Every structure is written in structure tokens, then in C-alpha cells.
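Undergrad: The structure's right below; bear with me while I get my questions together.
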Amino acid sequence: MNDLEIPLGKRTRLYRFFEMVPAMLSYGAILLLIVLSLVSPLMAAIYLMLVIITLIVKAIGIAYHTIRGRNMLEGSQRVDWHARLLELENVKQSYRYHKGIHSRAFGYKSHLENLQIMSAHPADFPKPSQIYNAVIVATYNEGYDILEPTIKSVLSTTYDKSKLILVIAYEERGGSAIKANVEKLKKQYGHEFHSFLLIQHPKDIKDEVIGKGGNITFAGRYLRDWLPKQGIEYKNVIITTLDSDNRPHQTYFDNVTYEYIVHEDRKHLSYQPISLFLNNIWDAPAPMRVVATGNSFWNIISSMRPHTLRNFASHSQPMDALVEMDFWSTRTIVEDGHQYWRSYFHFDGDYAVQPLYVPIYQDAVLSSTYLKTLKAQFVQLRRWAYGASDVPYVAVRIFTRNRKVPFIGGVARLIRLLDGHVTLASVSILVAFGGWVPLLINSQAFRDPVAHQLPDVVSVIQQVAMVGLFITVFLSLKMLPPRPARYKRHRTIFMVSQWFLMPVTAIGYSSFSAFYSQTRLMVGHYLDKFDVTDKATRESVDEAKQLKQAKKI
């Protein structure tokens, strides 16, 4: 069996080397510009232009995938996935009914092909009536006002509730309040599901970092023992993990069950919905709205590139696969992205992420005060950026004689992983300030016509890139949920003008959080505690303000 664990304590020299690589490359990308500026302003200009040209090529692809992905998202949400799922119960009858019918409905052609394949070999595919969905909701100390809408959203889905198992995985270290909240939820909603399980994750378990991975793994191991007692086979269970503020689209469980059934290699797949940070987008401060919308679009873009798609936040995976690999890692604070690599190496490279074009809605960062919200956003992004810790995990399993995955495919994945983290850290800074570096540190640059004109050239390119920003603004307005009655129409103007903050958030949040996490990794000062993102509602924020004002009086 493959060793899937992240090392604790002292690392090998090779592992430590690759822990330093992301930061070395990120810092190196900026230092290289400085060194070239001192040696040859012309070479510095050429280097920066190559970086920008690469970025423009990527931006064109991003714009294309954004538009196409948005259309896929809209099309999939219009599909009655519950009806399509029910048609898999008797595939021969369903195929005879649909054969010869021509429809432009989203995915109809694929649905017809699935029915045709399944009707030829029905024994190779489970029936919808055999499948259960188990939903693990991870929570630490979130309030009832955060948890209840999540439970309600699961209840409002179109999936058969008698096949829906709800698990609330809560932390002992969350205190008595969270225990009281989850018990209240079970009393109120427990009868609506096949089962409603409360599983408390003990604190201070040996060899676990403080984080979500340990919590949901503890719940998964409970299910591993519980399901056979209910007469339910692992292969007939799909596990979905949700954070406490996650609200699945009403067709999500029908959609994931449909995709699970129609893929014969279902055990070697996980199923990734599109995470949209829109729950409270009208309430969040402007910088957080920019970050949240940008992250939403990035998830849409990622769904259009399945070969690069990785697990992120909420996702689904078969129970039998999870049992084999002992669920998620309990040694990392980024268990979602790491789950891709854990699965990839467990299945010796025979693993992929299947995109689902239905969303799971999440909260933008919002805390009790503006300053706390700004800080909470950085804390969240630095945790995500700590996904750079996967670089050594992947590298040592590829550059070894005991390699069990294809070498070329593994190296290609490693390069993409590195490129993503280095780009996140360095490119925004290079584009924003790189054009001035040769002029500021080398007087000879004023005599070089190329280097002298570099700031103007970069400025023109940035203006051209505004086209992509306009596309983003337009699509973001279309994605917005209805404006709450408490806000007047001029709030929509702020939703447009907020995008002037994009350069600030790109550098102040994305770049700095990436450098922070990569630096911690480089010096061996590891992030070994999952800092839970503050979650507040507009009502709780207003209540806190009123309480603060009352104290002043």
C-alpha cells in the first residue's frame, strides 16, 4: 500500500529542498529582474516583456474559459437533474423513450449516449435507488445562524431525503455552545433525513494538526463502522464534505449521483462542484467582494480545464475509495487540495476530478468589524496559499525509484503546481512595479530606448488588459443574487466601482499571502493550525455595533 502521509517532525534532505523551492522561485522571479536591471537594462526589459506576454496569453484563455464556463453553469442549473437521475433506474425503457428525440437542452446529447451505453450493459451500473449520499458538515464554533441555513439548503435539494445521511462533525475544542447548537439542529431537523448523526471530534489527538482534515476524517471513520450495521455497502455511498456556511444548489445531489452512476471508473473519480462565494456578497466590504468574486470566477475557469482541476473546498468522493485511503489527511491545513494528490498517488496515477456545473454557495469573508474582516481575509488566503506544501509531497514521490505514477504525467502535474504558486506570488508585483525597476536602480537604463520606454509599454498593456476586467465586471453583475431590500439601488454602483481595488487586492492579499506561506515553508516554520475563517452575518455585525454603541453610552 502507498504511503500517503505527510511527514511530521524532521524531513529528509530531499523533502526539505522541495519545501524551499516555491519560495526560491517566487523570490527569484523578482530578484532576477533586479539583477538583470543592474547588469543589462535591455535584458531586464526583455525578461519583463516575456513575463507580461505569457500573462496576456493566459489572460486570453482565462477570458474565453470565463465566458464559456459561465454559460455551462447557467445551462446546467436549468436541467432537471432529478428527472434525469430517475431515468437511470430503468435505462432500457428510458433509452427507447428518448431515442430519436432531438433536444438542445444542456447535456441532452450526453444523456442520450449514457442511456445507450448503460442499456447495453446494465449490470455494470448501479441504480439510483441503491445510492446514498452522506453529507459531512464540518463546524468548529459557528453560530446557529450560520449552521441552520446550511441544513435548510440541504433539505431544500431535490434529492430523495430517505437516501440522504446528514453528519455534523463538530469540534470538542469548540466548547459547549457548538454542542448545544448541533443538538438543537438535530432535534429540529433530524426526522427529515435517513439519519442525522452528531460526531464530536476529540481535541489533542496524537499526530494531528489542528484542522478540518482531522475532524472530517474522524467522522468518516465513524461512518466506516456505522454503514455496515445499516446494511449499506461502501460502494453505494457518496461522501460530500461541506463547511458550515456551504449551501448546495437544489440539484447538487441529483447531479453528483447521476455523474457517479454513469462513469464506470467511478471509484477513481472525485466530483467537484463550482464554489461561488455569493451567499453574503452584498454585505461584505468592497475588498472582500473583489476577492470573493475573483475566487468564484477562478473556480468557474478551473472547471473548464479538467486536466488541471483539483479538489477545492466542498467536493464529493466515493466511500469505498475513502475507506481504502483512510479518508483525508490529518496532517495538513489544506486537506481539500491535498486530497487530489493523496488520491492520485493512492490510485497510482489513475485518478481524476470530474467537474460538476452546479454550484455550492459559500460566504465571502465577513467578521464583526471592518478591521477584523480585512485580517480574516488574509488569514484565509494564506491558508489556501499554503497549498505550496504539496510541492515536496508530490516531488519526492515522483523523483524516486519506487515511483508508482507515470513519470511524464507526474512531472507535468508538478510543474503546473509550481507554476500556479509562483505566479500567484510574483506576477502581480512584477506587472505593477517591474517597468520602473531598471530606471530606478540603473542610470544607464535612461539611455536604452527599450528600457526607457518600458513603463509606458507596460501601461499600454495594462490598459488593453482592462478588456478582460470589463468582461469580469459584466459577468459578476449577472451572477449577483437579488439585492437585499435593506440596500438601495446605489449599492449596485459600488459593486462596479469596487473593481478599481483589484490591483490592491492582487498584491496586498494574493501576492503577500503567497509569499507569507511560502516563506514559512522555506524556513521550516510550518503552519500547523487551521485558523478558522471568521463567519458573521449582517444581523450579527449590526448587533455587535449596537452593543458597542450602548457600552459607550
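Every read-out reported here was derived from the displayed coordinates using simple, explicitly stated rules and does not represent laboratory data. Nothing here was measured: the structure is a model prediction, and the numbers come from that model. Every residue, glycine among them, receives a Cβ derived from its backbone with ideal geometry; neighbour counts consider all protein chains shown.
Undergrad: Computed from these coordinates, which is semi-axes √(5λ) of the Cα gyration tensor in Å: (1) 39, 28, 27; (2) 41, 25, 22; (3) 40, 30, 23?
TA: Here semi-axes √(5λ) of the Cα gyration tensor in Å agrees with entry (1).
Undergrad: Between helix 407-433 and the chain, what is the angle of the helix's C-alpha long axis to the longest principal axis, kept within 0 to 90° and rounded to the nearest 10?
TA: Between the helix axis and the principal axis of the chain, the angle is about 50 degrees.
Undergrad: May I pose another question? Test of understanding: what is the full-extension gain from R416 to E233, defined as 0.36 nm times their sequence separation minus their Cα-Cα distance? Don't skip to the end; give the middle numbers.
TA: Details: separation 183, 0.36 × 183 = 65.88 nm, distance 3.70 nm.
Result: 62.2 nm gained on full extension.
Undergrad: As a quick test, which of the pairs K267/K535; K206/K267; K152/K375; K206/K229; K92/K127 have an alpha carbon distance above 23 angstrom in this structure? Show your work: numbers first, answer last.
TA: Working: K267/K535 34 Å; K206/K267 30 Å; K152/K375 30 Å; K206/K229 28 Å; K92/K127 12 Å.
Where the Cα-Cα span goes over 23 Å, the pairs concerned are K267/K535; K206/K267; K152/K375; K206/K229.
Undergrad: Between the helical axis of 286-303 and the dominant principal axis of the chain, each derived from Cα atoms, what acute angle in degrees is found, rounded to the nearest 10?
TA: Between helix and principal axis, roughly 70 degrees.
Undergrad: Does the stretch 13-100 classify as rounded, prolate or oblate by the C-alpha gyration tensor (a ≥ b ≥ c root eigenvalues; a/c under 1.5 gives rounded; else a/b over b/c gives prolate, otherwise oblate)? Each step should come with its number before you reach the end.
TA: On the way: a/c = 5.54, a/b = 2.55, b/c = 2.17.
Since a/c reaches 1.5 and a/b is larger than b/c, the shape of the stretch 13-100 is classed as prolate.
Undergrad: Oh, and also: If the cut-off is 20 Å between C-alpha atoms, which aspartates and glutamates fall inside it for K184, apart from same-chain ones fewer than 8 positions away?
TA: Excluding near neighbours in sequence, the set is E142, D145, E148, E171, E172, E192, D243, D245.
Undergrad: Now a separate question. With r as the distance between the Cβ atoms of I441 and T400 and R0 = 30 Å, compute the FRET efficiency 1/(1 + (r/R0)^6) and round to 0.05.
TA: Working: r = 43 Å, r/R0 = 1.42.
Taking R0 as 30 Å, the efficiency between T400 and I441 is 0.10.
Undergrad: For a label point 7 Å from the Cα of W298 along Cα→C-beta, name the residues of the stretch 362-382 whose backbone N is under 15 Å from it.
TA: 364-365, 377-382
Undergrad: Once you wrap a convex hull around the alpha carbon atoms of the stretch 171-313, what is its projected area averaged over all directions, in nm²? Walk me through the numbers on the way to the answer.
TA: On the way: hull surface 46.7 nm².
The number I arrive at for the stretch 171-313 is 11.7 nm².
Undergrad: Here's something else I'd like to know. At a threshold of 8 angstrom on Cα-Cα distance, excluding pairs fewer than six apart, so keeping six or more, what relative contact order does the stretch 317-450 reach in percent? If you can, show how the numbers build up before the last one.
TA: Details: 60 pairs, mean separation 26.2, N = 134.
About 20 percent, as a whole number.
Undergrad: Please label the shape of the stretch 321-363 as rounded, prolate or oblate, based on the square roots a ≥ b ≥ c of the eigenvalues of the alpha-carbon gyration tensor (a/c under 1.5 means rounded; beyond that, a/b larger than b/c means prolate, else oblate). Don't jump to the answer; show the numbers that get you there.
TA: Details: a/c = 2.27, a/b = 1.33, b/c = 1.71.
The shape class here is oblate.
Undergrad: Next question, about the same structure. Can you give the local net charge around E335? Use residues other than it whose beta-carbon is closer than 15 angstrom to its beta-carbon, Lys and Arg +1, Asp and Glu -1.
TA: Charge balance near E335 sits at -3.
Undergrad: Report the calculated FRET efficiency for A286 and L50 (r = Cβ-Cβ distance, R0 = 35 Å), to the nearest 0.05. Don't skip to the answer; put the middle values down first.
TA: Working: r = 34 Å, r/R0 = 0.96.
Here the calculated transfer efficiency is 0.55.
Undergrad: Taking K99 as the anchor, which aspartates and glutamates have their alpha carbon closer than 16 Å to its alpha carbon, excluding any fewer than eight residues away along the same chain?
TA: Partners found: E87, E113.
Undergrad: With a ≥ b ≥ c the root eigenvalues of the C-alpha gyration tensor of the stretch 231-358, is it rounded (a/c under 1.5), prolate (a/b larger than b/c) or oblate?
TA: Working: a/c = 1.84, a/b = 1.64, b/c = 1.12.
The shape class here is prolate.
Undergrad: Continuing with this model, one more query. So what's the back-of-envelope 222 nm ellipticity for the chain, counting only DSSP H runs of four-plus at -39500 (n - 2.57) apiece and dividing by all residues, rounded to 500? Please report the intermediate quantities before stating the final value.
TA: Working: 22 runs with 308 residues, N = 553.
Mean residue ellipticity at 222 nm (helix-derived): -18000 deg cm²/dmol.
Undergrad: Let me have the relative contact order for the chain, percent, based on Cα pairs under 8 Å that are six or more residues apart. Show your work: numbers first, answer last.
TA: Numbers: 826 pairs, mean separation 124.0, N = 553.
22 percent.
Undergrad: Quick query: amide H of T241 versus all other amide H atoms, modeled in the peptide plane; which residues come in under 5 Å with a sequence gap of 5 or more or a different chain?
TA: I136, H315
Undergrad: Sorting D124, D528, D326, D336 on the 10 Å Cβ count, fewest up front, what's the list? Provide the component values of the computation, followed by the final result.
TA: Working: D124 9, D528 13, D326 17, D336 24.
By the 10 Å Cβ count, ascending: D124, D528, D326, D336.
Undergrad: Taking the Cβ-Cβ separation of T12 and D456 as r and a Förster radius of 41 Å, what is the calculated FRET efficiency to the nearest 0.05? Please report the intermediate quantities before stating the final value.
TA: On the way: r = 49 Å, r/R0 = 1.21.
Given R0 = 41 Å and the Cβ-Cβ separation, E is 0.25.
Undergrad: Set Lys and Arg Cβ to +1 and Asp and Glu Cβ to -1, take the dipole of the chain about its Cα centre, and tell me which of F470, I60, V79 lies farthest positive.
TA: Ranked along the dipole, the leading option is F470.
Undergrad: How far, in degrees from 0 to 90, does helix 454-479 lean away from the longest principal axis of the Cα atoms of the chain, to the nearest 10?
TA: Here the helix axis deviates by roughly 20 degrees.
Undergrad: Okay, moving on. For every other residue with a beta carbon closer than 15 angstrom to the beta carbon of S176, add +1 if it is Lys or Arg and -1 if Asp or Glu, then tell me the sum.
TA: Neighbourhood net charge equals 0.
Undergrad: Using a 10 Å cut-off around each Cβ, can you sort L155, L86 from fewest to most neighbouring Cβ atoms? Intermediate results must be reported in sequence, preceding the final value.
TA: Details: L155 13, L86 16.
With the fewest neighbours first, L155, L86 line up as L155, L86.
Undergrad: Counting Lys and Arg as +1 and Asp and Glu as -1, each charge on the Cβ, what is the dipole of the chain about the Cα centre in debye, to the nearest 20?
TA: Details: 63 positive and 47 negative charges, 165 e Å.
Dipole size: approximately 800 debye.
Undergrad: Give the relative contact order (percent, whole number) for the stretch 90-188; include only Cα pairs under 8 Å separated by 6+ residues. Intermediate results must be reported in sequence, preceding the final value.
TA: Numbers: 70 pairs, mean separation 27.3, N = 99.
After rounding, I find 28 percent.
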